[in-house]
Amino acid sequence: MKLIAQLKLLPSPEQFDALKLTLETANNASNHVSSVAWDRRVFGQFALHKICYHEIRAKFGMGADATVRVFAKVNDAYNLDRKSKRFFKPLGAFPFNERLVSYKTEKRFVSIWTMAGRQKMPFICGERQSKLLEGLRGECDLVFRDRQFYLFQCCDVDEPPPGEVSDFMGIDLGVANVAVDSDGKFYQGNTVKSVRHRHRRIRAKLQSKGTKSAKRRLKKLSGKEARFAKDTNHVISKQIVQTAQGTGRGIALEDWKN
């Protein structure tokens, strides 16, 4: 199975600017290709390559491999939905393949293509992420978040064979309660709801003020609620899995089949 290793890059100030310029250029090029795709109603990666390859290289000064990744990004976006024209944020994530990024995992260094040339920079990651890198395969995404650059690297991990089970624990998913199992245990999301309501009140107050400090505070709050909810769901899901493992049962979601 495939899992994602998240690596935090530690660029110098010059390398930081190079990475930022790279994302901006790549997403500008993606917007240009998206316009061509939408106007001509041509969405396939190879068809777009044939139409736009030389133009993108000349207009945006990107390398061959990076240009190909532009077509892949646009193609993936329109594969999800072709009801409206796709736009990409200036600092949105951009996919890199193994030719654009290489690793020295023992020394915790990465070599990455940028608009300012190939750059070598250190990265940091946790023990689990480091273990995942033993199976790194395929492409990764360059991500800019909270004034930091990350690489989200796809890794292959051996999937353990499913164990033999004689019974199942049913799980019903809901809103008032995040989950309820067939043993009668309730997994509540009251904390998530209280955090959501509190953030809603704070956002309303800050938006009504409209000052620079209020806007800075709003930016800081951005995504905090979603991260908290994600962590809560993760904790609950681990509790459910541990309960099922401890009793030698499988897990059946929603459709319990009698």
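Please treat every number below as a calculation from the coordinates, not as lab data. Note that the structure is predicted; figures quoted are calculated from it, not measured. Because the Cβ atoms are built from the backbone with ideal geometry, glycine has one as well, and the counts that use them run over all protein chains shown.
Overview of values
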item	result
Ranking of Trp113, Trp38 by count of other Cβ atoms within 10 Å, fewest first	Trp38, Trp113
The chain: calculated mean residue ellipticity at 222 nm from DSSP helix runs of at least 4, using -39500 (n - 2.57)	-15500 deg cm²/dmol
Burial ordering of Val195, Val241, Val70, fewest other beta-carbon atoms within 10 Å first	Val241, Val195, Val70
Taking Arg147, Arg82 and counting other C-beta atoms within 10 Å, the order from fewest to most	Arg147, Arg82
Lys/Arg +1, Asp/Glu -1 at C-beta; the stretch 168-253 dipole; positive extreme among Ile240, Ser194, Gly250	Ser194
Only Lys, Arg (+1) and Asp, Glu (-1) charged, at Cβ; the chain dipole about Cα centre in debye	1960 debye
Cα centroid separation - the stretch 145-195 against the stretch 53-84, whole Å	35 Å
Relative contact order %, the chain, counting alpha carbon pairs below 8 Å whose residues are six or more apart	21 percent
